[in-house]
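Read the structure below first, then the notes.
The values are calculated or read from the model by the stated rules, or taken from the named source; none is laboratory data. Because the structure is predicted, anything quoted here is derived from the model rather than measured. Cβ placement follows ideal geometry from the backbone for every residue including glycine, while neighbour counts extend to all protein chains displayed. For accessibility, only protein heavy atoms count, side chains too; no ligands or nucleic acids. Shrake-Rupley method; radii C 1.70, N 1.55, O 1.52, S 1.80 Å.
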Amino acid sequence: MRRAPVAVTGLGMVTPAGIGRDAAWAGLCAGRSTATADPALDGLPVAFSCQVPPLDAAGLLGHRLARRLDRFTTFALLAAREAVADAGLAPGGWDGARVGVVMGVGTGSMQGWQAEFDRLAAHVPERVSPLALPRSVPNMAAAEIALDLGTLGPNMVVSTACASGTSALGLARDWLLSGRCDLVLAGGSESARLRMTAACFAQMRALSRRADAPAAASRPFDRDRDGFVLGEGAAVLALERTEDARARGARPAALLAGFGASCDAHHFTAPHPDGDGAARALSGALADAGLAPEDIDHVNAHGTATPQGDAAEHNALHRVFRRPPPVTAVKGTIGHAIGGAGAIEAACTVLTLRHQLIPPTANLDTLDPAMDLDVVAKAPRPHRMGAAVSNSFGFGGQNAVLAFTAVD
């Protein structure tokens with residue numbers, strides 16, 4: 001059943017391709033991998049990642065706040081500030097009780113926990129930092145945005161593994177259409193460049209092992225793909241009901257027209273090989289938006305570059321579309337930000353519709369012969385688009401899909 005779209009009136013992005021919406025978009029359109037050796041992962045089986053460029057957190061947020069925040073929360077807060085400014089809003093100019101925040105976070109973070117574990121092992125628990133817990137629990141991505149911007153409405157984090165950021169955006173739309181909020185800041189944030197995270201994914205054989213050529217490691221839909229590259233980053237979208245945006249003279253960048261979600265209920269980590277659950281989420285997003293498969297002009301794929309994952313997504317696309325429209329997978333450029341990935345890719349999809357330009361998939365040299373897809377590669381492709389979908393799939397068989405439409 002079709003429901004009303006909501007307006008995307010602001011975007012904020014912090015990515016390995018660039019900090020800020022415009023820099024991130026330029027980096028994504030350049031289509032060059034950002035993967036490089038990561039000193040934080042030295043000595044591990046996989047010691048490279050896609051890293052957000054250096055930023056002066058103390059200069060941007062103040063020394064006291066920057067010291068309190070973990071990396072994923074710093075990204076979330078910077079992206080939220082940019083989204084609010086991009087929407088032409090100011091915290092002093094809204095009714096905070098009508099402003100909600102919902103963020104997707106896959107696991108939170110243990111960025112600073114090694115030192116704390118060392119203190120416990122040394123039998124000096126009194127030296128454990130009182131900031132260790134509140135800086136690392138997942139809900140702080142949303143809570144710190146509220147503290148900074150004075151949002152007093154519903155405030156939460158959702159966790160659906162690699163679909164978390166996309167799930168958060170779907171929930172935000174529900175809040176607006178139900179009348180619970182008038183404005184929602186929604187997105188996702190994560191820094192997956194952690195030693196334990198990297199060790200676990202390596203043990204699961206989920207990461208690319210191209211240590212001799214990290215920049216060539218993440219290869220969505222390529223014949224020679226062998227896993228994803230850990231990344232980090234955040235994106236926040238400012239969402240409003242279309243009539244409210246229109247009433248204040250705001251021109252949306254795009255409309256969030258539909259959301260679909262499902263669970264494979266197949267395996268704790270592997271996707272359903274036929275793409276069954278992903279196809280149901282796709283079909284649900286289209287139905288929610290009142291769109292037919294032939295109305296979709298572009299797919300921003302989950303595209304992790306794992307052999308199983310890309311094959312399952314390919315199968316899902318062919319279950320829904322007679323002929324899938326042009327596809328891109330930006331994880332080739334920025335790696336996999338886990339809970340932040342879906343939000344970054346949603347923001348990319350909004351910009352794709354706004355600019356009528358599809359960013360390329362990095363490192364796609366030879367399309368897998370089993371993949372009957374039109375994957376954009378090598379250079380951005382101008383393409384006339386009225387509607388696009390953004391896919392996210394995660395461990396536990398979590399599937400979430402957003403449908404966006406362009407603004408005339």
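In a Gaussian network model over the chain where Cα atoms closer than 10 Å are linked, find which of Pro293, Pro125, Pro325 has the largest mean-square fluctuation. Looking only at Pro293, Pro125, Pro325, the biggest GNM fluctuation is shown by Pro125. Going by a ≥ b ≥ c, the root eigenvalues of the Cα gyration tensor, does the stretch 244-351 fall in the rounded group (a/c under 1.5), the prolate group (a/b larger than b/c) or the oblate group? Cα axes put the stretch 244-351 in the prolate bin. Listed values (1) 139; (2) 128; (3) 371 include one computed from this model; for volume of the Cα convex hull per residue in Å³ that value carries the label (2). The GNM of the chain, with springs linking C-alpha atoms under 10 angstrom apart, assigns the highest mean-square fluctuation among His314, His383, His272 to His383.
From Cα pairs below 8 angstrom and at least 6 apart in sequence, can you work out the relative contact order of the chain, rounded to a whole percent? Reported relative contact order: 25 percent.
If packing is taken as the average number of other Cβ atoms within 10 Å across a peptide's residues, how do 142-150, 370-378 rank, most packed first?
Details: 142-150: 20.3, 370-378: 17.7.
Highest-to-lowest ranking by the protection proxy: 142-150, 370-378.
Beta bridges per DSSP, both residues in the chain: antiparallel share near 70 percent. Taking amide H as placed 1.01 Å from N in the peptide plane, Leu183 has its amide H under 5 Å from the amide H of Gly100, each at least 5 places away in sequence or on another chain.
For the pair Ala85 and Ala379, what calculated FRET efficiency results from E = 1/(1 + (r/R0)^6), where r is the Cβ-Cβ distance and R0 = 35 Å, to the nearest 0.05? Could you put the intermediate results ahead of the total?
Details: r = 31 Å, r/R0 = 0.89.
About 0.65, to the nearest 0.05.
Among the trypsin sites (Lys or Arg not before Pro) in the stretch 290-352, which ones are in a DSSP loop with at most 14 other Cβ atoms within 10 Å of the Cβ? Mind listing them?
Numbers: sites: Arg319, Arg322, Lys331; in loops: Arg322.
Answer by residue number: Arg322.
Modelled this way, with points 7 Å down the Cα-to-C-beta line, the labels at Arg223 and Asp95 are 6.1 nm from one another.
According to the square roots a ≥ b ≥ c of the eigenvalues of the Cα gyration tensor, what is the shape class of the stretch 53-210, taking rounded for a/c under 1.5, prolate for a/b larger than b/c otherwise, and oblate for the remainder? Display every interim value, and only then the final one.
On the way: a/c = 2.07, a/b = 1.49, b/c = 1.38.
Prolate, since a/c reaches 1.5 and a/b exceeds b/c.
For the stretch 234-334, what does the accessible surface come to per residue with a 1.4 Å probe? Please give it in Å².
On the way: 3600 Å² over 101 residues.
That works out to 36 Å² for each residue.
Nearest-5 percent of antiparallel DSSP beta bridges in the stretch 132-237? The partial results should precede the final answer.
On the way: 6 of 8 bridges.
Restricted to the stretch 132-237, the bridges split so that about 75 percent are antiparallel.
Divide by every residue of the chain the summed helix terms, -39500 (n - 2.57) for each DSSP H run of at least 4, and state the resulting mean residue ellipticity at 222 nm, rounded to the nearest 500 deg cm²/dmol.
Details: 14 runs with 138 residues, N = 408.
Dividing the helical sum by the residues of the chain leaves -10000 deg cm²/dmol.
What the phi angles of the stretch 337-345 give under the Karplus curve with 6.51, -1.76 and 1.60, with θ = phi - 60°, is a coupling list of 8, 6, x, x, 4, x, 5, 4, 6 Hz, glycine and proline written as x.
Build a GNM of the chain with springs between Cα atoms under 10 Å apart, and of Phe321, Phe48, Phe117 the one that fluctuates most is Phe117. With the highest mean first, a sort of the peptides 219-225, 69-75 on other beta-carbon atoms found within 10 angstrom per residue produces 69-75, 219-225. At a probe radius of 1.4 angstrom, the accessible area of the stretch 1-85 per residue rounds to 41 square angstrom.
Percent of accessible area on the chain owned by carbon and sulfur, 1.4 Å probe?
That share works out to 54 percent.
In this simple spin-label approximation, Ser178 and Gln203 carry label points 7 Å from Cα along the Cα→Cβ vector, and these lie 3.8 nm apart.
When a/c is below 1.5 the answer is rounded, else prolate if a/b is larger than b/c, else oblate, so apply that to the stretch 321-408 with a ≥ b ≥ c taken from the square roots of the Cα gyration tensor eigenvalues. Rounded. Tally Lys/Arg at +1 and Asp/Glu at -1 over every other residue whose Cβ is under 10 Å from the Cβ of Thr361; what's the total? So the environment of Thr361 carries a net charge of +2.
Probe 1.4 Å, all protein chains in place: accessible area of Leu65 in Å², nearest 10? Its heavy atoms expose roughly 30 Å² to the probe. Computed from point charges on the beta carbon alone (+1 for Lys and Arg, -1 for Asp and Glu), the dipole magnitude for the stretch 262-408 about its Cα centre is near 280 Debye. Remark on Gly258: its backbone amide H falls under 5 Å from those of Ala403, a criterion applied only to residues 5 or more positions apart or on other chains, H modelled at 1.01 Å from N.
Under a 5 Å amide H cut-off, with hydrogens placed 1.01 Å from N, Leu364 pairs with Lys378 among residues at least 5 apart or on other chains. Look at the dipole of the chain built from charges on Cβ: of Pro369, Val401, Val102, the Cα furthest out on the positive end belongs to Val102.
The simple Förster model, with R0 at 60 Å and r as the Cβ-Cβ distance, assigns His355 and Arg119 a FRET efficiency of 0.75.
Hand me the trypsin sites (Lys or Arg not before Pro) from the stretch 1-60 located in a DSSP loop with no more than 12 other Cβ atoms within 10 Å, in residue order please. In loop regions of the stretch 1-60 (DSSP not H, G, I, E or B), the sparsely surrounded trypsin sites (Lys or Arg not before Pro) are Arg2.
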